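Chemist: Sharing a structure here in structure tokens format.
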Amino acid sequence: MSASLDSLYQQVILDHAKARHGDGELPHADAEHHERNPTCGDEITVRVALEPGTDRVAELRWQGAGCSISMASASVLADLAPGRTLGEITGLVGEFREMMRSRGAGEPDDERLGDAVAFHGVSKFVMRVKCGMLSWVALEACATELAAA
Amino acid sequence: MTHTPHDTQDEPLDDAEVALLRADFPILEQEVSGEPLAYLDSGATAQRPRSVLDAERRFLETDNSAVHRGAHTLAALATEAFEEARETVARFVGAQPAQVVWTANATDAINLVAHGLTAATLGRGGEAARRFALRPGDEIVVTEAEHHANLVPWQEVAASTGAVLRVVPVDDDGVWTLADAAAVVGERTRVLAFAHVSNVTGLVAPVEELVALAHGVGALVVLDACQSVPHRPVDVTALGVDFAAFSGHKMLGPTGIGVLVGRSELLDALPAFRTGGSMITTVTLQTAEYLPAPQRFEAGTQPVSQAVALAEAVRYLEAVGMDRVREHEEALAERLVTGLGALPGVRVVGPPAGVARSGLASFVVEGVHAHDVGQYLDAQGLAVRVGHHCAQPLHRRLGVAATTRASTYLYTTTGEVDRLLAGVAGVRAYFGAEAVA
């Protein structure tokens, strides 16, 4: 298969699309947000629970249906979000968004983004950027809501 | 056109003639992802032959002007070309020129009828329009398989008038029958709206029988002909439908132009949905009188060069022969359905192999999302449509969020279908779905 396709579907993405970390319900969530991609019908609900009395994420779980890019990016996010404050979450989403809009330019910071750097290749496929962003946008909305509360 | 198919009109389209036709379509000559482009998305938008591109350019270079106004030479030339285009399109679908209304696209054409009914219900259009007025409890019937363009406008009519939207259900394959429709259509039915050919399943509706059913209870028939007029002979008069809608860009023509064909007595009585310039006779500060159909429905500046190009597209299709287009695509569909059905983990929706379907096939690859299927195929130069194809209720009924659709046209080769089959065969292994299923 072509090198171009493999740069989109990196092994990390294919693995996360199958393993799906954080897939499931989260009872007693402090915030939840639903996002849809109307062009392909993909949807996802992201739920977040904070460590009691703090603005630090204890757990992120999600439920959704979609392509391997959107599912893998939610799975990666479930690994990355716990332990971060709401402010850090907003910063992380901003960094991820910047990478996704880069059209393949630059070198993403793997110290900060962890497995999410695998999505750098997705940024070259403009029609798939929204797939990769779906759960991140949902988490961002959760963080905004919690910060305002 | 650059080839001369006229002496072979009795013969089916074969590979040699398709190769000649393809030479008329510059866009098909390119490579995508390092492979020859196999364009299998004509159901979404068809490609245009050079003659259609040339006709639009020629018009713009020599005749372009505002139509139906002005006394100068170009105004006369443009008006003549515009109205000749109407005659050509009318002849193509078995109608009279006055029955053809230019619209922006098929969605616009269906909205023209739907909003006309709402306007009539509000009392617009005078005595003549009362036949269209809906009362609370009147029923509009659609099918579960409709494209959003033939569903959402009817939801609006129902919400605006108090009419009830009723739905002919489909089975697990997305198929519905005359009997299914007969179980829903009743004394209160005022409109029966359905696709002649489904853009997802390729199912061909029994139009004449459905017209008899609807007319038996005094209901109007609105036919979504977007996937039929480009791909098979359609005679709206012989079919007996009241209204039919189709788009230019799906039949080798330009975007930005669609067609509503209506029975003359209905078009003459239907209230105008869009009003303004070009559709009036006398205007005062408080009131206006309107032109007869079709001009009454053509407010504002019209897509003139697009109409001219669409007429050229019609001439191209007529030169090939619509019976031959239909046979060619049905043979390709049979090859698609049989081939896809033989692949492990691939489920084709719509009529089973052996049952007539138009030249397209939508399918599900177990364990792999349609978006991923489409991306994988694109890397081999195979252009297919993925998603819900503007038919979310149908996909919900089929139990999937999205399908992958391969759709053919007169320029599609058996080799391209075989390349698609080979491509789909590799999808599950690439995404590691074989172990999951």
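Chemist: Could you work out the mean count of beta carbons from other protein chains within 10 Å of each residue's beta carbon in A:65-74?
Modeler: On the way: counts 4, 5, 11, 8, 4, 2, 2, 0, 0, 0.
Averaged over the peptide's residues, the number is 4.
Chemist: May I pose another question? Where does helix B:50-62 land angle-wise versus the long Cα axis of chain B, in degrees 0 to 90, nearest 10?
Modeler: Approximately 30 degrees, to the nearest ten.
Chemist: I'd like the mean, over residues of B:193-204, of how many other protein chain beta carbons sit within 10 Å of each residue's own Cβ. List each step's numbers first, then the result.
Modeler: Details: counts 0, 0, 0, 0, 0, 0, 0, 0, 0, 0, 0, 0.
The per-residue average across the peptide is 0.
Chemist: While we're here: Across the residues of A:126-133, average count of Cβ atoms on other protein chains within 10 Å?
Modeler: That works out to 1 on average.
Chemist: Can you give the calculated 222 nm mean residue ellipticity of the protein assembly as shown, where each DSSP H run of n ≥ 4 adds -39,500 (n - 2.57) and the sum is split over every residue, rounded to the nearest 500 deg cm²/dmol?
Modeler: Numbers: 21 runs with 228 residues, N = 586.
Computed mean residue ellipticity for the protein assembly as shown: -11500 deg cm²/dmol.
Chemist: In terms of the Cα gyration tensor, with a ≥ b ≥ c the square roots of its eigenvalues, is region B:88-173 rounded because a/c is under 1.5, prolate because a/b exceeds b/c, or oblate? Mind dumping the intermediate values first?
Modeler: Details: a/c = 2.18, a/b = 1.10, b/c = 1.99.
Verdict is oblate for region B:88-173.
Chemist: Taking Cα pairs under 8 Å and at least six residues apart, what relative contact order does chain B come out at, in percent? Provide the component values of the computation, followed by the final result.
Modeler: Details: 887 pairs, mean separation 96.3, N = 437.
Reported as a whole number, the value is 22 percent.
Chemist: Would you mind counting up the charge near A:G94? Only other residues with Cβ under 15 Å from its Cβ, with Lys and Arg at +1 and Asp and Glu at -1. Don't skip to the end; give the middle numbers.
Modeler: Values: positive: A:R84, A:R97, A:R101, A:R112; negative: A:E88, A:E95, A:E98, A:D109, A:E140.
After counting each charged neighbour, the total is -1.
Chemist: In 5 Å bins starting at zero, report the fraction of Cα pairs in region B:138-280 per bin as a rounded %.
Modeler: 2, 9, 18, 23, 22, 15, 7, 3, 1, 0
Chemist: Let me ask something else about it. For the residues A:F119, B:F194, what sequence is obtained by ranking on other C-beta atoms within 10 Å, fewest first? Write down the numbers at each step before the final one.
Modeler: Working: A:F119 27, B:F194 22.
Starting with the residue having the fewest Cβ neighbours, the order is B:F194, A:F119.
Chemist: Something else now. Net charge around B:A353, counting only other residues with Cβ within less than 11 Å of its Cβ (Lys, Arg = +1; Asp, Glu = -1)?
Modeler: On the way: positive: B:R335, B:R357; negative: B:E334.
Every neighbour counted, the sum reads +1.
Chemist: Just order B:138-147, B:89-98 by mean Cβ neighbour count inside 10 Å, highest at the front, would you? Please list the in-between numbers first.
Modeler: On the way: B:138-147: 23.5, B:89-98: 18.7.
Top to bottom by mean Cβ count within 10 Å: B:138-147, B:89-98.
Chemist: Sorted by average packing, counted as other Cβ atoms within 10 angstrom per residue and highest first, what order do A:100-106, B:219-225, B:41-47 take? Show your work: numbers first, answer last.
Modeler: Details: A:100-106: 13.4, B:219-225: 25.9, B:41-47: 20.9.
Highest-to-lowest ranking by the protection proxy: B:219-225, B:41-47, A:100-106.
Chemist: From the Cα trace of the protein assembly as shown, what convex hull volume per residue do you get, rounded to a whole Å³? Before the final figure, lay out each step's value.
Modeler: Values: hull volume 110.3 nm³, N = 586.
Spread over its residues, the Cα hull of the protein assembly as shown gives 188 Å³ apiece.
Chemist: Each residue of region A:128-136 in order: what ³J(HN,Hα) in whole Hz does its phi give by Karplus 6.51 cos²θ - 1.76 cosθ + 1.60, θ = phi - 60°, with x for Gly and Pro?
Modeler: Using θ = phi - 60°, the values come out as 10, 4, 5, 4, x, 7, 3, 6, 5 Hz.
Chemist: For chain A, modelled as a Gaussian network with Cα springs under 10 Å, which listed residue fluctuates most, A:D23, A:D110, A:D79?
Modeler: Residue with maximal mean-square fluctuation among A:D23, A:D110, A:D79: A:D110.
Chemist: Now a separate question. Beyond 16 Å, how much of the Cα-Cα pair distribution for region B:160-226 remains, as a whole percent?
Modeler: Numbers: 1011 of 2211 pairs.
Looking at region B:160-226, the distances longer than 16 Å represent 46 percent of pairs.
Chemist: Please state the shape class of region B:356-423: rounded when a/c is under 1.5, otherwise prolate if a/b exceeds b/c and oblate if not, all from the C-alpha gyration tensor. If you can, show how the numbers build up before the last one.
Modeler: Details: a/c = 2.22, a/b = 1.36, b/c = 1.63.
In terms of gyration-tensor shape, oblate.
Chemist: Once each part is reduced to its C-alpha centroid, what is the distance from region B:179-197 to region B:363-437 in angstrom?
Modeler: Taking the Cα centre of each part, region B:179-197 and region B:363-437 sit 32 Å apart.
Chemist: While we're looking at this one, here's another question. For region B:119-215, what is the convex hull volume of the alpha-carbon atoms per residue, in Å³? List each step's numbers first, then the result.
Modeler: Numbers: hull volume 9.7 nm³, N = 97.
Spelled out: Cα convex hull of region B:119-215, divided by residues, is 100 Å³.
Chemist: In terms of modelled amide H atoms, which long-range or inter-chain residues lie less than 5 Å from the amide H of B:V32?
Modeler: B:L37
Chemist: Then there's this: When the Kirkwood hydrodynamic radius is evaluated over all pairs of different C-alpha atoms of chain A, what value in angstrom, to one decimal, is obtained? Show your work: numbers first, answer last.
Modeler: Numbers: mean 1/r = 0.0659 Å⁻¹.
Its Kirkwood hydrodynamic radius stands at 15.2 Å.
Chemist: With θ taken as phi - 60° and the coefficients 6.51, -1.76 and 1.60, list the Karplus ³J(HN,Hα) couplings across region B:339-353 in order, rounded to whole Hz; mark glycine and proline as x.
Modeler: x, 5, x, 7, 7, x, x, 10, 10, 8, 8, x, x, x, 3
Chemist: Kindly express, to the nearest 10 degrees and within the range 0 to 90, the angle between helix B:152-161's C-alpha long axis and the longest C-alpha principal axis of chain B.
Modeler: 40 degrees
Chemist: List the residues whose amide H sits under 5 Å from the amide H of B:L192, counting only those 5 or more places along or on another chain, with H placed 1.01 Å from N in the peptide plane.
Modeler: When sequence neighbours closer than 5 places are left aside, the close amide H contacts are B:V141, B:L220, B:V221, B:V222.
Chemist: While we're on this one: For chain A, calculate the relative contact order in percent as a whole number, restricting contacts to Cα pairs under 8 Å that are 6 or more residues apart. Write out the running numbers ahead of the final one.
Modeler: Details: 268 pairs, mean separation 42.8, N = 149.
Computed over chain A, the figure is 29 percent.
Chemist: So who's got an amide H within less than 5 Å of the one on B:K250, skipping anything under 5 residues away but keeping other chains? H placed 1.01 Å off N, in plane.
Modeler: Result for B:K250 returns B:A46.
Chemist: Something else: Give the distance, in whole Å, between the Cα centre of region A:45-62 and the Cα centre of region A:83-124.
Modeler: Between the Cα centres of region A:45-62 and region A:83-124 lies a distance of 20 Å.
Chemist: Also: Among rounded, prolate and oblate, which fits chain B when a ≥ b ≥ c are the square roots of the eigenvalues of its C-alpha gyration tensor, a/c under 1.5 means rounded, and a/b larger than b/c means prolate? Could the numbers behind the result be given before it?
Modeler: Working: a/c = 2.07, a/b = 1.27, b/c = 1.63.
Taking the square roots of the gyration eigenvalues as a ≥ b ≥ c, chain B is oblate.
Chemist: Please name whichever of B:G367, B:G125, B:A95 sits farthest to the positive end of the charge dipole of the protein assembly as shown, dipole taken about the Cα centre and charges placed at Cβ: Lys and Arg +1, Asp and Glu -1.
Modeler: The Cα lying farthest towards the positive end belongs to B:G125.
Chemist: Rounded to whole Å, give me the distance from the Cα center of region B:19-56 to that of region B:233-281.
Modeler: Each part's Cα centre sits 27 Å from the other's.
Chemist: Give a residue-ordered list of calculated ³J(HN,Hα) values for region A:18-27 (Karplus: 6.51 cos²θ - 1.76 cosθ + 1.60, θ = phi - 60°; whole Hz; x for Gly, Pro).
Modeler: Karplus-based 3J(HN,Hα) across region A:18-27 equals 8, 6, 6, 5, x, 6, x, 7, 9, x Hz.
Chemist: Which lysines does A:K18 reach when only Cα atoms under 24 Å apart count, and residues fewer than 8 places away in its own chain are ignored?
Modeler: Here the lysines satisfying the reach criterion relative to A:K18 are A:K124, A:K130.
Chemist: Efficiency by 1/(1 + (r/R0)^6): what FRET value for A:L146 and B:T338, r their Cβ-Cβ distance, R0 = 45 Å, to the nearest 0.05? Walk me through the numbers on the way to the answer.
Modeler: Values: r = 55 Å, r/R0 = 1.21.
That pair, A:L146 with B:T338, gives E of 0.25.
Chemist: Which angle between 0 and 90 degrees, to the nearest 10, do you get for helix B:106-121 versus the longest principal axis of chain B when only C-alpha atoms count?
Modeler: Between helix and principal axis, roughly 40 degrees.
Taken together, the values in this text are just the output of simple stated rules run on the coordinates, not laboratory data. Source: prediction; values computed, not measured. Using ideal geometry, Cβ is built from the backbone for each residue, glycine included, and neighbour counts are taken over all protein chains shown.
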